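The values are calculated or read from the model by the stated rules, or taken from the named source; none is laboratory data. Values in this document were obtained by computation on a predicted structure and should not be read as measured data. Glycine gets a Cβ as well: all are built from the backbone with ideal geometry, and neighbour counts include every protein chain shown.
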Amino acid sequence: MAVLNAHDKSVQAEVDVHTHQDAPSPKDEDLKESTSRPPSLASDVLSAAGVDMTSDDPTMPCLTLRMWTIGIAFCLVGSGVNTLYTFRFPSISLSQSAIQFLAYPIGKAWEYVVPDWGVTMAGTRHGLNPGPFNHKVYFAPRADVLTEQRVFYGYEAGWGFELLMTIATILFGLALAGMSRSLVVEPPELLWPGVLGNTALNSALHGSPGKQAPSEHAWKASRYRFFLWTFAAGFCWYWVPDLLFPALGYFTWICWIAPRNAVVNQVFGMKSGMGLLPLTFDCKYLSHFSPFPLWSQISYIGSPLVVPTWAILNVLASVVFWIYIVTPALYYSNTWLSGYLPLQSNSIFDRTAKVYNVSRVVNKGDGFTFDPAKYEAYSDIRLPVTYALNKFGLAFATTASLFSWTLLEKRQEIAGMLRTFSVKYIFSRGGEVKSEDENKADGRAPYYAEVPLWWYAAAGLLAAFFAMFASEYYPVQLRWYGALLSLVVSAVFFVPIAWVYATTNTKIGIELFCRIIAGYIWQGKVLANIWFFSLGSISGVKGLAFAQDLKLGIYCNIPPRHLFLVQAVGLVVGSLGQVSVLNWALNHIPHICTASAPNGFTCPFSRTHFNTSTVWGALGPRRFFAPGAPYRALLWFFLVGFLLPVAPYALRRAFPRQKRWLRRVHVPLFLGGLGYIPPASGTNYGSWALVGLVFGLLVKRCRRTWWKKFNFVLSASLDCSTAISGIIIFFAVVYTGASNRLSWWGTEVYQVRAASPHQELATPRH
């Protein structure tokens, strides 16, 4: 589909340069002599994902008018739609794959319709129609922290502050990804599973049947045709559980039988229970993926089809132990007085089991500072058991485990980097041809010059300047040294977190660590807390996205300097789109971020951040973990997390014959893999794990040829169908109010449930 008869370029060459590609040929100084590369250690997986790094055509077009026009347009649309959806529950993101798919017909139409007019400058032709289309858009920021500040704390700093902080956060993420690329991007054993769906989609759209894996006799369809079939099926099916029969999304049929039984709803419920029955037919909570049975409710987690089986087993073990065993033991023993509250909620409560009203314990006229007298007169903070266990205890353990795990498992990589790192290295690396050994190591054909590290260093310094200036100029309680310290924290944790994400497709957050540091330094100042968290934690999350793009560039032989330019432009354009939609939504959607908001615009993500900043910003860790405080025992999780990685390491040394499976025991993943509970539940993670194991074990072993040809294509097609269908349903049916006229048993049965806590609310303890 990607190659026209008028062009005798190879199909695979187009596959290799599909992202951000449409442009003048690379300059002579960027071209290097090609050498053959040995097969990757994970060549089987990469082949299944449509990755072929053994061939590349450096004359394929890049940075053309077509790429910039379509790319910037979708960057604005993608960032705007995704920002709007962060306010809504359930939320659906317009993902990379969905945007890539939507851009494809536009690019092909441009290819067929627009005349090939152009001019030649400096030996390079610049035309309106450079030939066969290949394209990807990647950028989609979020706006949780800005919403938290404006809606929940009532402080509006203005567009200038919002743009400066947004650009600073994302720009520092770009710097982190580039500066650490030799550690987290270039090693071939780091596959970055999250990009495999994108490469598979590209292979389906642009690939040649002759280049694809052989099929079994019953599955002779091409990847492109299979993509269209599954996309159409997913698009049509999603209307059923999302609109016509929403009870399929909350398929807790046991709760339907006993809707007034509190214990049944606590154990099997999906909203306020453990979600012990991991079965659903909806995908409104998934991380942009499929509407097929057993696939959904994996919201915020990611596609299980691209995650290694050993990683899924680690997360499944975590679900079983922490959610299905430890959580009910704590809850039904009334530990931390949690029996008076819902078993699961992303809200915090007061001593009367009502949602905590933070406005009663802060002085708005004094910069939202904490008032101890008001706090004593009102109430201390009570946490649901899953909130206390996962957002606090396991977060403590995960942070500590990253240090010991890195020292035990990655000390050689760190030592190697320290031996070669210097100021001279920063200014010299990138402009010269790599040696043959270096090219074999990172799997890239030596056609293109690398981006010098000093480019990324300059981006990091510019981000630091923006952050420090905004912190000083605007009254947000975070001084310049606070902004600088937050960026240092982000840099320290980035490489270990990237190592975990590059192998497991699971993001390990350091939100709580940033909150605690800010809580000790700026106790009682909530605005300082939320912006220290934003710069220290979210910048690292953005860095993971940029590092993932760099890995995609290696897989697709994209000129690194072209990729850097597109990332930089996308950063600015996406920030403008995000801030614009943020201000429009907060000013025009009635009752936004409240329970009475229309169409589900209740701001669940921002509310979770608000609750956390209340605990650490207003109350502060000193008071929360004071001697005699109910949650002081959670501090022991720091010690548990630091020591736990020693166990599998010591066992590997003691039992070398069992080294293979012991190496699959991943302590940071076991402790931090449940980072989205709450608001996610055991149903989300349970269904995610079941689907991943079915495809990663059963299908891969019994139908290996099918798995190699279609597994990653299926992931991409379900990603696209869910996102596009969800957006059409929302704007065409929900937003217009037409869905309000649809009411029957299938739209109401799942809402009848007993949400009462284990203990009687009439006698809460003080």
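Data for the structure
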item: Enumeration of residues in the range 556-575 that are farther than 19 Å from residue 94 by Cα, among the polar types (S, T, N, Q) and assigned to a helix (DSSP H, G or I); result: none
item: In the range 586-605, residue modelled with the lowest pLDDT [restricted to those that are among the β-branched types (Val, Ile, Thr) and over 23 Å from the mean Cα position of the chain (by Cα)]; result: 594
item: The range 719-728, subset surrounded by fewer than 24 Cβ atoms within 10 Å (Cβ to Cβ) and among the β-branched types (Val, Ile, Thr), residue farthest from the chain's Cα centre (by Cα); result: 728
item: Flag if residue 486 is within 26 Å of residue 407 (Cβ to Cβ) and either without any contact (Cβ under 8 Å) to a residue 40 or more places away in the chain or of a type in the set (S, T, N, Q) (or both); result: yes
item: Candidates 716, 680, 689 - the one that is assigned to a helix (DSSP H, G or I), under 30 Å from residue 273 (Cα atoms) and under 18 Å from the mean Cα position of the chain (by Cα); result: 689
item: Subset of the range 668-693 (residues that are closer than 20 Å to residue 386 by Cα and β-branched (Val, Ile, Thr)); result: 677, 683
item: Residue check, residue 325 more than 30 Å from residue 94 (Cα to Cα), surrounded by fewer than 18 Cβ atoms within 10 Å (Cβ to Cβ) and of a type in the set (Val, Ile, Thr); result: yes
item: Residue list for the range 346-371, restricted to those being at negative phi, of a type outside the set (Phe, Trp, Tyr) and touching a residue at least 40 places away in the same chain (Cβ under 8 Å); result: 346, 347, 348, 351, 352, 358, 361, 362, 364, 369
item: Test result for residue 578, of a type outside the set (Lys, Arg), assigned to a helix (DSSP H, G or I) and more than 26 Å from residue 474 (Cα to Cα); result: no
item: Among residues of the range 589-602, those that are of a type outside the set (A, V, I, L, M), in a loop (DSSP other than H, G, I, E, B), under 19 Å from residue 731 (Cβ atoms) and touching a helix residue (DSSP H, G or I) at 6+ places or on another chain (Cβ under 8 Å), counted; result: 2
item: Residue that is farthest from residue 706 (Cα to Cα), among those in the range 224-242 that are modelled with pLDDT under 90 and buried (at least 24 other Cβ atoms within 10 Å of the Cβ); result: 242
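To keep it simple, each residue is scored yes or no on (1) in a helix (DSSP H, G or I); (2) buried (at least 20 other Cβ atoms within 10 Å of the Cβ); (3) over 25 Å from the mean Cα position of the chain (by Cα); (4) basic (Lys, Arg).
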{"residue": "518", "(1), (2), (3), (4)": "yes, yes, no, no"}
{"residue": "534", "(1), (2), (3), (4)": "yes, yes, no, no"}
{"residue": "584", "(1), (2), (3), (4)": "yes, no, no, no"}
{"residue": "607", "(1), (2), (3), (4)": "yes, yes, no, yes"}
{"residue": "612", "(1), (2), (3), (4)": "yes, yes, no, no"}
